[in-house]
Amino acid sequence: MSLNRFVFLLSHLRLDHKPSRDSTRDKFAAAREILTLFNIQCARTMQCGPWLAFDETLYPNRGSGYGFRQFIDSKPWKYGILYRSLNDAEVAYTYQVHACAGKPVGEPTAHYVQGAAMSIITCLDAYVAEGNTVKGCNVTIDRGYSGYDPIQHIGEKFEMTVVGTICANRKGLPAHFRNPVGREVGDYQVLWDKDSNVNIHSEIVKKKSGKLNNVLLISTMVPIVGLTKDSQKPAIVNLYNVTMGGTDVVDLLMSSKSVRWKSDRWTMSHLAYLLDTAAVNANTIAGLHDDEGTKPDTRAFRYELVADLVIPHIRRRLVSRGIQKHVKMKAELYLGMCY
């Protein structure tokens, strides 16, 4: 299409029917339907592996016309929409996405999730509802989502294990586990509750500044104790480091070849996030179905994906009347490059 028509369509694009939207209660109502359909398709397309990861993503948007814009100073992009996603820890694939839209106006809606830990249960519920199973799997979480009660609930409801870091101010932690004073560097202790199978690990490490840091982890797996031969770190710490990066890998692939365009409308940033996530998922599925077992080329796959989407429209426009000569030459040149 022409550039003017493309800009016109982009500026008037909407993700739902505005008169039927319940925007008085749900702040994310303008894009709720497309997010629900996206989660359903991601859950139906691929069965999860034994290792899952749950973390957050701040997708950039500096618009100010919505009430759930987040600011996180530690993120590469300071302002944006906050998503919490359930990812695979072995391959780059997103199974479920939860958008943090804040507390609704008035009575809570069915999509409102109170507390960061409940967002994990919400994503797992939606994934299992599509006929999948997470029994026997493990999910690795950050300290913002962990706690004694949440990981017990996840283990009992979904019959899966949890590994994650935990803050020192959480309830249920013994006093000598919270304070590193009086403990030497390399001191490693484990507490195991045999009734609930919850175990807590504490390791004293030294920061670059010279201060002592207490690394705390909580798990519902059978306690993995001892140090690894290569890094001389506790085995549970290495397990956490290996399985926690699933969401970060997806974010890295999304940022390298993103379709994000400049827009103050949060719905357009949300659409770009879904397109980026879908492209990463499709690239992973294509790599898993490759008989040769070669690592998928992200750049080549994205180019092939775009070509498959635009070629039918280019062919339809070539046979239309009134097309300019230089446009026709460019279209024929592009078709010749693709084949």
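For HIS289, the test of being more than 20 Å from LEU335 (Cβ to Cβ) and exposed (fewer than 10 other Cβ atoms within 10 Å of the Cβ) is passed. For the range 271-280, the condition of being assigned to a helix (DSSP H, G or I), more than 17 Å from VAL91 (Cα to Cα), at pLDDT 90 or above and among the small types (Gly, Ala, Ser) holds for at least one residue. Filtered by the rule that a residue be part of a loop (DSSP other than H, G, I, E, B), more than 10 Å from VAL163 (Cα to Cα) and under 30 Å from the mean Cα position of the chain (by Cα), the range 209-229 gives VAL222, PRO223, ILE224, VAL225, THR228. Among the residues of the range 30-60, those identified as over 21 Å from LEU288 (Cα atoms), open to solvent by 20 Å² or more (accessible area, probe 1.4 Å) and free of Cβ contacts under 8 Å to residues at least 60 places away in the same chain are GLU33, THR36, LEU37. Per the conditions (1) open to solvent by 70 Å² or more (accessible area, probe 1.4 Å); (2) modelled with pLDDT of 85 or more; (3) of a type outside the set (A, V, I, L, M), the sole criterion not satisfied by TYR240 is (1). VAL259 meets each of the listed conditions (1) of a type in the set (Val, Ile, Thr); (2) open to solvent by less than 10 Å² (accessible area, probe 1.4 Å); (3) not in a helix (DSSP H, G or I) apart from (2). The criterion of being out of contact with any helix residue (DSSP H, G or I) (no Cβ under 8 Å at 6 or more places or on another chain), basic (Lys, Arg) and touching a residue at least 40 places away in the same chain (Cβ under 8 Å) does not hold for ARG260.
Pick from the range 36-73 the residues that are of a type in the set (D, E, K, R) and part of a loop (DSSP other than H, G, I, E, B): which of them is farthest from LYS262 (Cα to Cα)? This residue is ASP73. Applying a threshold of 7 Å to beta carbon distances and a minimum spacing of six or more residues, or different chains, the list of pairs starting in the range 298-318 at a residue that is open to solvent by 70 Å² or more (accessible area, probe 1.4 Å) and ending at one that is part of a helix (DSSP H, G or I) reads ARG317/ALA331. Here TYR188 fulfils each of the conditions (1) more than 25 Å from LEU52 (Cβ to Cβ); (2) hydroxyl-bearing (Ser, Thr, Tyr); (3) at pLDDT 85 or above apart from (3). Checking the structure you have, find out if any residue of the range 21-29 is touching a residue at least 40 places away in the same chain (Cβ under 8 Å), of a type in the set (S, T, N, Q) and surrounded by 12 or more Cβ atoms within 10 Å (Cβ to Cβ). The answer is no, given that none of the residues of the range 21-29 is touching a residue at least 40 places away in the same chain (Cβ under 8 Å), of a type in the set (S, T, N, Q) and surrounded by 12 or more Cβ atoms within 10 Å (Cβ to Cβ).
Tell me, please, whether a residue that is within 30 Å of ALA279 (Cβ to Cβ) and under 26 Å from the mean Cα position of the chain (by Cα) can be found in the range 164-177. Yes.
The single condition among (1) buried (at least 16 other Cβ atoms within 10 Å of the Cβ); (2) on the phi > 0 side of the Ramachandran plot that HIS201 does not satisfy is (2).
The values are calculated or read from the model by the stated rules, or taken from the named source; none is laboratory data. Just so you know, these numbers come straight off a predicted model, no measurement behind them. Counting neighbours? That spans all protein chains shown, and the Cβs are built from the backbone with ideal geometry, glycine included. For accessibility, only protein heavy atoms count, side chains too; no ligands or nucleic acids. Shrake-Rupley method; radii C 1.70, N 1.55, O 1.52, S 1.80 Å.
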